[in-house]
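Here is the structure we will look at, set down as structure tokens.
The values are calculated or read from the model by the stated rules, or taken from the named source; none is laboratory data. Every value quoted in this text rests on a predicted model; they were computed, and no experiment measured them. Neighbour counts are summed over all protein chains in view; Cβ atoms, including those assigned to glycine, are modelled from backbone coordinates with ideal geometry. The protein model used for the area step is the full one, side chains on, heavy atoms only, and it has no ligands, DNA or RNA in it. Shrake-Rupley method; radii C 1.70, N 1.55, O 1.52, S 1.80 Å.
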Amino acid sequence: CGCGKERTSCFFVNNRGDKWSLSDTGVSEVAESRSDFSRIMVKTIQLSQLITREVDLLKLDIEGMEGEILYEAQRKLDKINEIIFEYHGGFITAKNSFNTIIRMLRKSGFSYTVSGSKNLIPRKLAKSLRIIHAFKAQ
């Protein structure tokens with residue numbers, strides 16, 4: 001994209017063909033223990049480098065990296081008015097715990113709602129997936 005400094009990160013591609021298997025992810029704690037993932041290196045850029053002015057809406061769908069990305073960008077979250085993202089509770093890492101993410105959002109001035117996803121995906125997977133809508137009072 002030409003913005004900021006690029007770096008290289010490890011990314012895991014799911015080799016299974018079924019549509020409800022775990023998606024591609026950057027969460028090594030999950031993917032490295034499974035044989036159905038292949039490791040590739042990808043160029044990445046930090047979200048904080050892209051937030052240079054007020055942002056109306058940030059939508060994240062990043063398969064278990066929610067906490068990691070929000071943590072990296074937390075000094076810029078005050079520039080964002082609204083965030084909508086899937087929270088993958090099955091990917092519990094130090095930065096991706098539900099409580100850590102909620103504390104970070106509150107500290108940045110967000111209120112939030114959490115919705116279940118039982119109508120979006122099969123019931124056996126629905127326990128760990130939530131939609132979080134974080135917003136600032138206008």
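Data overview
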read-out	value
Solvent-accessible surface (1.4 angstrom probe) belonging to M104, in square angstrom, nearest 10	10 Å²
Distant-in-sequence amide H partners of Y87 (H built 1.01 Å from N, under 5 Å)	R130, I131, I132
Point-to-point label distance, K95-R7, nm (Cα→Cβ direction, 7 Å offset)	0.9 nm
